[in-house]
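The values are calculated or read from the model by the stated rules, or taken from the named source; none is laboratory data. Every value quoted in this text rests on a predicted model; they were computed, and no experiment measured them. Here Cβ is always computed from backbone atoms with ideal geometry, including for glycine, and neighbour counts include all displayed protein chains. The area values use the complete protein model at the heavy-atom level, side chains included, leaving out ligands, DNA and RNA. Shrake-Rupley method; radii C 1.70, N 1.55, O 1.52, S 1.80 Å.
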Amino acid sequence: MGGYGSGGWNRTGRLTTSDALRLDVNSLNRSGALVPGRYSTSTWTRGAEPIGAINISAAEDSITLVYRSRTGDQDWADNRERVRVSWEPGGFGGQRPFFHCPDCTRRVLQLYGLRRYLCRHCHGLCYPSQRECDSDRAQRRANRIRVELGGEPGWRNIPSRPKGMHRRTYDRLINKIIVADAVTDDGAVRLLARLQTSVQKGARGFWS
Ligand SMILES: [Zn+2]
């Protein structure tokens, strides 16, 4: 299954999806964990060793994850994350479940647990085989626009409006830069904050 720290860094030096605890909506569905009213525990192991566990309580259109985590040497903290679940008609008359990322609401099949359980975009995670992250691509795009406007490349660098350029054209380009910077922000800043995070071994006593 791959757990925290098992995947290592990819060649760009970023965390990859195999560094986080992965929660898969289809696996949960198969195990019955999405049935409203159901309480269950999801555990991760590396070899024979347990490396993480969360408790899951299912409601009509969401699940609530309860787990403990800590950053660096700090004390363990209780965490609670509500994740919306939606259903779509699938093959053979069935229904296919989707998570909605608690942060960006993006519809996804997998969430990744660092300190929070979010989609890979929000954590800025790459797939292990991916050579660059979304944020790198976004920054390259933004830098092209910066140079086009006569400015300097660089994160959060907003060039001024070139003479003769329509205000609306300029605003549209600047908006693209801001959106790209937000992607980088997510990737870089949040990742740093979560780097030292782990999940408690075992999860007994959560519901008591
Ligand atoms: Zn997200």
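Give the residues of the range 121-130 that are open to solvent by less than 20 Å² (accessible area, probe 1.4 Å) and within 9 Å of the ligand (Cβ to nearest atom), sorted by residue number. Walk me through it before giving the result.
Quick first cut of the range 121-130, residues open to solvent by less than 20 Å² (accessible area, probe 1.4 Å) only: 122-126.
C122, H123, listed by residue number.
The lone criterion from (1) over 17 Å from R30 (Cα atoms); (2) open to solvent by 50 Å² or more (accessible area, probe 1.4 Å) left unmet by Q95 is number (1). Take the range 100-112 and flag every residue that is more than 8 Å from the ligand (Cβ to nearest atom) and either without any contact (Cβ under 8 Å) to a residue 40 or more places away in the chain or in contact with a Cys (Cβ under 8 Å, 6 or more places away or on another chain) (or both). Result: H100, R107, Q110, L111, Y112. Taking the criterion of being open to solvent by 90 Å² or more (accessible area, probe 1.4 Å), within 13 Å of the ligand (Cβ to nearest atom), more than 24 Å from A138 (Cα to Cα) and not β-branched (V, I, T), would at least one residue in the range 113-120 satisfy it? No: the range 113-120 contains no residue that is open to solvent by 90 Å² or more (accessible area, probe 1.4 Å), within 13 Å of the ligand (Cβ to nearest atom), more than 24 Å from A138 (Cα to Cα) and not β-branched (V, I, T).
Of all residue pairs spaced 6 or more apart or on separate chains, those with beta-carbon atoms under 7 Å, a first member in the range 136-152 that is farther than 22 Å from M165 by Cα and a second member that is aromatic (F, W, Y) and open to solvent by 40 Å² or more (accessible area, probe 1.4 Å) are Q139/W155.
Restricting attention to the range 166-184, the residues that are in contact (Cβ under 8 Å) with a residue 12 or more places away in the chain and either in contact with a Pro (Cβ under 6 Å, 6 or more places away or on another chain) or not β-branched (V, I, T) (or both) total 5. Among the residues of the range 62-95, those that are free of Cβ contacts under 8 Å to residues at least 60 places away in the same chain and in contact with an Asp or Glu (Cβ under 8 Å, 6 or more places away or on another chain) comprise T64, L65, R84, S86, Q95. Among the residues of the range 80-92, the ones that are of a type outside the set (D, E, K, R), touching a Phe, Trp or Tyr at 6+ places or on another chain (Cβ under 9 Å) and open to solvent by 20 Å² or more (accessible area, probe 1.4 Å) come to 2 in all. Of R46, R70, R84, R115, all but one fail to be of a type in the set (K, R), at pLDDT below 85 and over 19 Å from T17 (Cβ atoms); the exception is R70.
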